[in-house]
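The values are calculated or read from the model by the stated rules, or taken from the named source; none is laboratory data. These numbers were taken from a predicted model, which means no experiment stands behind them. Cβ: placed from backbone, ideal geometry, glycine included. Neighbour counts: every protein chain shown. Just the protein is used for accessible areas: all its heavy atoms, side chains included, with ligands, DNA and RNA removed. Shrake-Rupley method; radii C 1.70, N 1.55, O 1.52, S 1.80 Å.
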Amino acid sequence: MAKLQFGDLPEDIKALVVEHILRPTDLKNICLVNKQLHGLAVKELYRKVDLDLGSRNDTHLSAFLNPNNKGLKHIKQIRLHRANIHDRRNTQLINFATRMLVEFLPEDVLEEFSWCPWERFSADNMLLLYKKQRKMKWLEAFDLDRDILPELKKNTKLQDGVFSCVRKLALYPENQATLQLCHFFVEKISDVLEEMMIQADFEPHDQIPTLSLRDINDTATGPGLLSRTIFSHMLPFEQCTPFRSLTALRLHQISLRHSADTWCRIVKFTEIQTLELTSCIGADTLLGQLSKASNLPRQLKTLEIQHKDNTEHEALVALDGFLCLVSGITELTLELENVKALPAAAGIMRHSKTLKLLNVHCTPEYSAITSPSTEVDEVIWSTEEFEDICKACTKLEQLSCAWPDTSLIRDPSEAWRAYENAVFSHLNQLVTLHVSTFPTNQPSSQLLPKSVYECLLQHLTKRMFELAVTWGAKARSSTNSHSHLSATDATNDVAAETDSDQMPSESTTTLRLIAFGISDKIYEREDSKHQAIYLRSTCISALGKEHVYAAPIGWCMRNYVEPRSDVLDFTLHRVTRMPYKERDNHDYFGETGE
């Protein structure tokens, strides 16, 4: 019987294979193979498009928007990024490039259109977009150069086209005009709204000189300008019917101190599956309300909280109580500032059967900081708590937290080894491990050169990969023989295999990425200078033996190598810089010297 080749497979099977190819360069090469594969790969290649506008790259738009480009009809998402040039001429170029893009795109192909900086956008371009793209599922309301609401209200045909398929809203209110536009969007699709994101940014400027936080946010006496404008069609809130289909809620920079009087009546939290609270004053009050039986989410899958706690640590207490009451969370992301301890391990272990992503970072009380420029270390779990979490949450695929101190010029510390053994002996499904802190070169009093530090860090990462591979191989053998492997045995095996330059065979480990530090280049889509990411790979020694190798990889590239690394996309409110010295600058902060 002849061996089956890829070219002999049916077209639908080939399409399934092409869907799993992530890297754009690979998809581009597949397009060049033959006509059939071109038709399959071009759909994935053009599904999501990111464009930089206002730079020299705008000249490439003419080739991109060519009518002969067969990929245009397959575009579903477009995200525009403004070049870091702010002047009047640059704004005019961006408006012209955006106009070209909207004009030449095929009609009714887009599902999502995003303007990344959320700065003032051309109202004419936005109206044209609404007229030509009538199947969008995601709409954004942000500041425009003029008010388009009167035109939208007059044109009922345009309204029917714009809101026919919309199920998700992103609202960025910052003045009266955007508040009214946000209300118009919410009112039009309130019955079918599935996901809503609100990010308030009322910074004082000429257009809103009299507004204050007391006017904008809810108070004990009644709803504030934000809620009574965006949700004015639901007033009075005591008698309103909450959103019927809403399952995802993301709130940024919104006061929730009086959430019981507004948000708990507007939103049916028992049906919420995704909840994200970022820099929301009074988030502890909302968590307290959600801990009641009448508001407790029954299907919560994703919880993300970024909060600066008060001196009484009320948010930490409320969070611990909420985590112990709710169940079934699969993605848990927590960043707390001004706290003395991490969230209790019992609350995290409550979700051990479902938790796949754990991202927890806490910085200590500000009273412990000696000066504003001092680097703030994160709070870490005790060895016992961390081991309990790893033993319970065996389905974790992504883990991000701070680790204990260790030195690159000494053997790893006992606490570091305990963390390693807890992770690699219990988390067999872990794919991405993110250590937000950097190892040091203590007890040396001087910082190491950058090249030396990176070499030593790579060697430590290689050792961690070897330990993970060894635990995976031993786990398979122990499963077959029903034997028990101790942490000391695994560590000794790593040392022996490292000395013999031999990689354990038949490994069951899934760990592919280990990262150190915190990225500061997410929105710029550039690789960070203050984060090191390593991919588990293999190399051949001079004797022809294969062994583990930690290959450096950029923040952008790892997206296409391992999609289960989105834990690295999370933006923390601080930056951890590599502790190395430059040739001409011995300052701790490296190149910036800040």
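Below is a table of values for the structure above.
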| item | result |
| --- | --- |
| Gain in span if fully extended, TYR560 to GLN176, counting 0.36 nm per residue against the direct Cα distance | 134.1 nm |
| For the chain, calculated [θ]222 nm from helices alone, where every DSSP H run of n ≥ 4 adds -39500 (n - 2.57) | -9500 deg cm²/dmol |
| Mean separation of Cα contacts under 8 Å, 6 or more apart, over the residue count of the chain: relative contact order % | 6 percent |
| Pairs beyond 32 Å (Cα-Cα), from LYS153/LYS301; LYS356/LYS545; LYS28/LYS132; LYS168/LYS292 | LYS153/LYS301; LYS356/LYS545 |
| Lys, Arg +1 and Asp, Glu -1 on Cβ, resulting dipole of the chain about Cα centre, debye, nearest 20 | 2120 debye |
| Cβ-derived FRET efficiency at R0 35 Å, ARG99 paired with GLN159, nearest 0.05 | 0.95 |
| Unit charges at the beta carbon, dipole of the chain: most positive-side option, PRO67, PHE185, ILE254 | PRO67 |
| Difference of contour (0.36 nm per residue) and Cα-Cα distance, ASP377 to SER444 | 22.2 nm |
| Counting DSSP beta bridges with both ends in the chain, the antiparallel % (nearest 5) | 20 percent |
| Inter-site label distance for LYS70 and GLU526 at 7 Å from Cα along Cβ, in nm | 3.7 nm |
| Residue-span extension gain [GLN239 to SER537] - 0.36 nm each, minus C-alpha spacing | 101.3 nm |
| Sequence-distant residues sharing a close amide H with HIS547 (under 5 Å, placed H) | CYS539, SER541 |
| Total formal charge among the other residues, if their Cβ is under 12 angstrom from that of ARG257, Lys/Arg +1 and Asp/Glu -1 | -3 |
| Given charges at beta-carbon only (K, R positive; D, E negative), |dipole| of segment 293-342 in Debye | 220 debye |
| Residue (of ALA83, SER55, ILE30) at the positive-pole extreme of segment 23-121, dipole from beta-carbon charges | ILE30 |
| The chain, accessible surface, carbon-and-sulfur percent (1.4 angstrom probe) | 50 percent |
| Inter-part distance where segment 249-328 and segment 167-200 are each reduced to a Cα centre, Å | 20 Å |
| Accessible area expressed per residue, the chain, with surrounding protein chains retained (probe 1.4 Å, Å²) | 49 Å² |
